[in-house]
Amino acid sequence: MKLNLLDRLDKLQAPLNVLVAVLIGFIIGTGLMLVEGHNIGEAYTALFNGAFSGRFNFGGTLERFVPLLLSGLAFAISSKASVFNVGVEGQLYFGAMAAAYFGYTIVGLPSFLHITLVLLLAGLAGALWALIPGFLRAAYRVNEVCTTIMLNYVAIYFTSYIVNHLFKNPHIGVPQTPNIQESARLARILMPSRANIGVYIALGIVLFFIWLMDYTTLGYKIKTVGLNPQFATYAGFQARSIMVGAMVLSGFIGGITGAIQVLGIHGYFLDNFSKSLGFDGIMVALLARNNLKVLPFVAFFLAALKSGAVGMERFTGIPRELIGIMEAVIILFAAAEAIIVIRRRLSYQKGGAEVV
Amino acid sequence: MFRFSDVLTLTLVRATIRMSTPILLAALGVIVTELAAITNVGIEGIMLVSAFMAVAASYWSGSWIVGILAAVAAGVLIAALMALIHLRFKANVLVAGIAVNMFSLAFTRFLLVNWFGVAGSFYSPRISPIPRINLSILAAHPVLDTLFNNYNLMDYLGIVLVFVFHFLIYKTVWGLRLRFTGVHPLAVETAGVNVTVKKLQALLISGVLGGLAGAHLSLGYTTQFIENMTNGRGFIGVAAMYFGGISPITTWLASLFFGFTEGVGARLQNLGFPSQFMLMLPYVATVVAITFSMIRQQRRETDKQPF
Amino acid sequence: MEPIVKMTGIVKQFPNVLALKGVDFSVEKGEVHSLVGENGAGKSTLMNILYGVLQPDLGEIYVRGQKQVIHSVRDAMHLGIGMVHQEFMLAPSMTVVENIILGFEPNRRSVVDYDAAAEKIRALSEEYGLAIRPESRIIDNSVGEAQRVEIIKALYRGAEVLILDEPTAVLTPQETEDLFKVIRSLKEHGKTVIFISHKLQEVLAISDRITVMRDGRVQGTLLASEATKEKIATLMVGREVFLNIKAPEGKRGGVVLDVQGVSARGRRRLSDLKNVSFQVHAGEILGIAGVDGNGQSELVEVLTGLRRVDQGDIFVSGTKITNLPPGEIRERGVSHIPEDRNRSGLCAELTVAENLVATKLKRPPLSKNGVIRGQAVRELASRLVEEYDIRPGDYRIPTRNLSGGNRQKVVVAREVSEDAQLLIAAHPTRGVDIGSIEFIRSILIAQREEGKAILLVSADLEEVLSLSDRIAVMYEGRIVGILPASEANEQVLGLMMAGGEYAKAQGEEEKVVEA
């Protein structure tokens, strides 16, 4: 069968909607700049330069790219199984704390091993934290959006307790943990920015999950449970366990996201350090429509926007919060399934005469 | 060591009631939407924008009444935005709620910088707060006075609204149709009532209640606006709604429970307990509470005889 | 006298089916008029058009002699037409009163006047002898009570013409008797009743006139006084071309499926499985006939692990599979063509290939250590697409883009290629085009020849008759009898499906095991 025009357009519907969302975001952002009396040309030039010109600025973009990409991946993976993990933020905190702890306490390992081990342990911390809402959802149908959001607060306060009372760097007034060992540090790239080889790790993880989703039976099961749990059960998959599994995988990635921030950027765990890194991932996943291959592009686009906003603020005085509005408008409309409806699916098919 | 008597004082009752009010108002809002089959996690964002608008309007007009009106208007607008995304553009209701919350956070952040030139928080003596109400009948009796007098107007309003919504939901034509919208939309459609309109109404009403909740946070409970000051209270409202069985009076009790955990937390903190554990108390309580209400609901479902 | 309802030349096209092919139908005021026909004959479609749920593509509707266009249920109500669907439009958590008055609440300044409502409902209930409990919640009502609530709801809304869609399908004999009293009382009060059914006994007992439909057309209208079961059955079944591809009797082997005294809770009380026992042998097709909703779906679910067995045991080739999860039952040699292929049998968003391999993916050669071997998947998919003539022949497109028949072929291909000892096929040709029907039936026969045990559930008598070696008839969750296909015909089965007395009367006792 040839795909006819309508079928082709039908395929385009999702990307078109996202495009419209981005467009609306830029229109509103630009409108706000105009209302505030800024020069549009200058503003966008500053935005562009802030994101791309020079090692420092480009490094700043890459630095923001990593958590966006990974938390986006985390949210996307759980969404594949129709579970919304809004708790990446909390999982990220636990991962970061685990990374700070094992990065400091484990001594004498070669760097490669140390980093790998710390990343795995951090992932495990995030995964265990995600197991709670995953289990509650599968066993009792407890709304995971509510529980993950609540558990985010618990995670933030819990790690805050640890860094304030149990594992604090005694030489510094700020609540932060002792510096991790050199062997656990992720090497910097593009000095003097804080970008580091976490970029490669993140891209590697995304590649791994693309492979997992497309080429393994587990990926197939996750996808099937998300699309049609009834079919999955009929075909003999344990739908509930798979949901929990997707949540745990998502939490694992969340934990690694936090770890890379600690190992690559800060070198220690700082109380309340994330400020919604985990939430930004939702935006990335939504814009990419959970398509793993599109995630890096979306994450890069948003990272550039965020990084550029800082430059724009510095050179033109336009507050970076304006870019925040732009992002927010984009995500608002990106959530919509049907701004543009290309066709309504009336029938499944035109076939010959059929009897009932 | 601490003694329970230090914690369980008359003032704890006050704290419980005061801290339950924003949760209660939010919960009433999400009861209305939940009855129409919309789990409105966007209430958090509605409250946040309303809290900001309340402060801004009160600051400029010098009138807390204008502050409340602005908050309600803002709440309705954000709820309308949610309706646009969910009802018109068919976004998943949870995703729409999350998106509205992210938007609200960015929006208030922007306005804070743009209108007041500050980041993080805004306070000014020119902000006119919502007054406390002194009922002279109660003032004479010391215990009653401590327990029930001198609350903020909104604390009283919250309690009044519990009964108002109980009446609206269970006694009126509007409420009957609303309750059917959630459980049997097809029956509602065939009775000639437009389901989408009912859902829109429900969302807008949750905007009004979220608006009141937000105004209370920034003009009653405190007199300032702080970035992300709702701090999950909208979500706790959603939890209170589930815990209270999606019905106003029992949800009020659930809100008091959450207010109580917050109150106890604050009290224990004063006694030297690590603040973090106390701060997380309401959130832990929420997770436990939703889980219990879901287990209860499932029991009920397996008991019934389907035909 | 002018008919109260007259429908002329009604044509209705659904995406895949021409459901009504020019139907003329008229009902006199004050009569009980039955509409009978097999599943899919178009009875419900016709009535949904009268009730404003569906719009006809062609044709006209006259109510009390006036030409009407009925856009919505509300329009129908204004014309005094009410309908009680098979699936009740009642909210279980709400009270009887609330369900009845919804949309038409007596009120004082928008406050519901429950006293006035209760008064009006009580009056209706007494007038027509409809016993209900106004304050109770629907969940706490029996099916019969809920049905009476639906009837009162229609009357409350001012129905003069009441359509009852298979009202007895969910009732016990006692409840049916009560319903008939109500119908007679309605008739005495000058109401008109349209009674949809395929239980001939009941139709003859309650009707004034009977209209028989088949395949989207009216076959004739009879006076009940002049009708007999045989006359109606002949009109219902017709003398169509039989897709009869029956092969000579297969060689029957050992027992593959052994069901011993299985009981399970059903979707409705009438479809609870009650002490069901039977065996299916290798090289045999056992057909399960019955009116929909008599426990067939539950039986299949129980056998495939999708529903809990409360009592009794199930063995496949001697291995107990009672209450194992679906995946493990599959591993023990059971494959399953499900009743609802679009929801259970397929994942519409996944490609043809992905759907074809779903149940085989975790085994070699399709995967190794959890990693899918793309080459093997593609080879298998293209082989199955060719072997089962799935069109279009591209396994990379989503199954959503396939026709109903081809989607069913995907399911059949997957399940048959499992090479399981037992194949359970639930309504394998329902809603499928004629070409695919023949193809699917020939595959089932071929499987039998290969020595597989096949359990065929179908509401299509002709299919059951032409494919099965033995036929079991289900009624109200029981197997009322099992007989060799050679001794079965549509009359015998039809009567067994309605309760099972006929077989005895024919002197078949020794071959019919009464449950």
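The values are calculated or read from the model by the stated rules, or taken from the named source; none is laboratory data. This is a predicted model, so every value here is computed, not measured. Cβ coordinates were reconstructed from backbone atoms using ideal geometry, including for glycine residues, and neighbour counts include every protein chain displayed. Just so you know, the surface numbers come from the protein's heavy atoms only, side chains and all, with ligands and any DNA or RNA stripped out. Shrake-Rupley method; radii C 1.70, N 1.55, O 1.52, S 1.80 Å.
Accessible area buried by the pairing of A and B, both sides summed with a 1.4 Å probe, works out to roughly 4000 Å². Using all pairs of distinct alpha-carbon atoms, the Kirkwood hydrodynamic radius of the protein assembly as shown works out to 33.5 angstrom. Just to confirm the filter: which trypsin sites (Lys or Arg not before Pro) across the stretch B:1-93 are DSSP coil and have at most 13 other Cβ within 10 angstrom of their Cβ? Sparse-neighbourhood loop trypsin sites (Lys or Arg not before Pro): B:Arg3.
Loop-located trypsin sites (Lys or Arg not before Pro) in the stretch C:86-136 (DSSP state other than H, G, I, E, B) with a sparse environment of at most 16 neighbouring Cβ atoms within 10 Å: C:Arg109. Across chain A, Cα pairs under 8 Å and at least six residues apart give a relative contact order of 36 percent. At 37 °C and a viscosity of 0.692 mPa s, what translational diffusion coefficient does Stokes-Einstein give for the stretch B:72-181, taking Rh as the Kirkwood radius over Cα pairs? Give it in µm²/s as a whole number. Using the Kirkwood radius from Cα pairs, D works out to 180 µm²/s.
Quick check: from the Cα gyration tensor, does the stretch C:5-237 come out rounded (a/c under 1.5), prolate or oblate? Prolate, because a/c is 1.5 or more and a/b exceeds b/c. In the elastic network of chain A, a GNM with C-alpha springs shorter than 10 Å, the most mobile of A:His165, A:His114, A:His266 is A:His165. Taking every protein chain into account, the accessible area of the stretch A:64-312 amounts to 33 square angstrom per residue (probe 1.4 Å).
Just checking the listed ones, A:Met247, A:Met97, A:Met33: in the Gaussian network model of chain A with Cα springs under 10 Å, the one fluctuating most is A:Met33.
Computed from Cα atoms, the angle from the helix C:434-449 axis to the main principal axis of chain C rounds to 50 degrees.
Per residue, the average separation of C-alpha pairs within less than 8 Å and at least 6 apart gives chain C a relative contact order of 14 percent. Of the listed residues A:Leu322, B:Leu153, the order by accessible area with a 1.4 Å probe, largest first, is B:Leu153, A:Leu322.
Structural descriptor for chain B: relative contact order 35 percent, calculated from alpha carbon pairs under 8 angstrom and at least 6 residues apart.
Mean-square fluctuation check for chain A, GNM, Cα pairs under 10 Å: which of A:Gly123, A:Gly87, A:Gly324 is largest? Comparing A:Gly123, A:Gly87, A:Gly324 in the GNM, the peak value goes to A:Gly324. Amide H contacts for C:Asn323 (H built 1.01 Å from N in the peptide plane; partners 5 or more residues away or on another chain; cut-off under 5 Å): C:Val309. Among the residues of the stretch A:139-185, which ones have their accessible area go down by 40 Å² or more when all the protein chains sit together, as opposed to their chain alone (1.4 Å probe)? Going by heavy-atom accessible area, the residues of the stretch A:139-185 that drop by at least 40 Å² are A:Tyr140, A:Arg141, A:Val142, A:Asn143, A:Val145, A:Cys146, A:Ile149, A:Met150, A:Tyr153, A:Val154, A:Tyr157, A:Tyr161.
Need one value for A:128-136: mean number of C-beta atoms belonging to other chains within 10 Å of its residues' C-beta atoms. Whole-number average of other-chain Cβ neighbours for A:128-136 is 1.
In the full protein context, chain C carries 39 Å² of accessible surface per residue, based on a 1.4 Å probe and ignoring ligands, DNA and RNA. Among rounded, prolate and oblate, which fits chain A when a ≥ b ≥ c are the square roots of the eigenvalues of its C-alpha gyration tensor, a/c under 1.5 means rounded, and a/b larger than b/c means prolate? Oblate.
The antiparallel fraction among DSSP beta bridges confined to the protein assembly as shown stands at about 60%. When the alpha carbon gyration tensor of the stretch B:20-237 is reduced to an equivalent ellipsoid, the three semi-axes, largest first, read 30, 24, 12 Å. Mean per-residue shielding of peptide B:87-95 is 6, counting Cβ atoms of other chains within 10 Å of each Cβ. Ignoring lysines fewer than eight residues from B:Lys171 along the same chain, the ones with Cα atoms less than 22 angstrom from its Cα are B:Lys198, B:Lys199, C:Lys120, C:Lys153. Couplings 3J(HN,Hα) for the stretch A:17-33, derived from phi with the Karplus relation 6.51 cos²θ - 1.76 cosθ + 1.60 (θ = phi - 60°), are 4, 5, 4, 4, 4, 4, 4, 4, x, 5, 4, 5, x, 5, x, 4, 4 Hz, where x marks Gly and Pro. Remark: accessible surface ordering of B:Val100, A:Val20 (largest first) is A:Val20, B:Val100, probe radius 1.4 Å. Cross-link pairs exceeding 21 Å between alpha carbons, from the set A:Lys221/C:Lys360; C:Lys67/C:Lys181; A:Lys275/A:Lys306: C:Lys67/C:Lys181.
Across chain C, the volume of the C-alpha convex hull divided among the residues equals 168 Å³ per residue.
Along the stretch C:98-104 the Karplus relation, 6.51 cos²θ - 1.76 cosθ + 1.60 evaluated at θ = phi - 60°, assigns HN-Hα couplings of 4, 5, 6, 7, 3, x, 9 Hz to successive residues, with x for each Gly and Pro. Secondary structure note: in chain C, about 55% of the DSSP beta bridges are antiparallel.
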